[in-house]
1. Mind checking whether some residue in segment 99-115 is surrounded by 12 or more Cβ atoms within 10 Å (Cβ to Cβ), over 20 Å from residue 38 (Cβ atoms) and free of Cβ contacts under 8 Å to residues at least 12 places away in the same chain?
2. Only residues that are on the phi > 0 side of the Ramachandran plot and assigned to a strand (DSSP E or B): list them for segment 50-95, please.
3. So residue 40 passes all but one of these: (1) over 17 Å from residue 129 (Cα atoms); (2) crowded, with 20+ Cβ neighbours inside 10 Å; (3) modelled with pLDDT under 95. Which condition number does it fail?
4. Report whether or not residue 94 is more than 18 Å from residue 126 (Cα to Cα), under 14 Å from the mean Cα position of the chain (by Cα), buried (at least 19 other Cβ atoms within 10 Å of the Cβ) and at pLDDT below 95.
5. Taking segment 104-135 as the region of interest, how many residues are assigned to a loop (DSSP other than H, G, I, E, B) and modelled with pLDDT of 95 or more?
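The values are calculated or read from the model by the stated rules, or taken from the named source; none is laboratory data. Since this is a predicted model, take the numbers as computed values, not measurements. Positions of Cβ are backbone-derived with ideal geometry, glycine not excepted, and every protein chain shown enters the neighbour counts.
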């Protein structure tokens, strides 16, 4: 796979385009995992019953919420994944968490869960889950 150009993704972050065989035209998004860019298929929101499939955290970086309660995503920031394939506990199902940063935040300064913890940023729960397989 090689990267080409930029495209706005479903969560507002610019995605590096990948050139590879994509016969089903699935949406590809980029995320940070421990400082490295990884790509995943955005397969939408799964229907998960309580006590069912394990959920790995996926962090979306925001500056707050608009007047309707919608998260305001940091433009150009990739989300951050807690696990990737090959790690114990990896699942393609993710619990959506929001990390609130100041308005002056520089996109992609946060690239790992450690960056979130070390920065002391508030992490906010949501009732959302995603099915997003890391490539």
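1. No, because not a single residue in segment 99-115 is surrounded by 12 or more Cβ atoms within 10 Å (Cβ to Cβ), over 20 Å from residue 38 (Cβ atoms) and free of Cβ contacts under 8 Å to residues at least 12 places away in the same chain.
2. 64
3. Answer for residue 40: the failing condition is (1).
4. Against the criterion (more than 18 Å from residue 126 (Cα to Cα), under 14 Å from the mean Cα position of the chain (by Cα), buried (at least 19 other Cβ atoms within 10 Å of the Cβ) and at pLDDT below 95), residue 94 does not qualify.
5. 12
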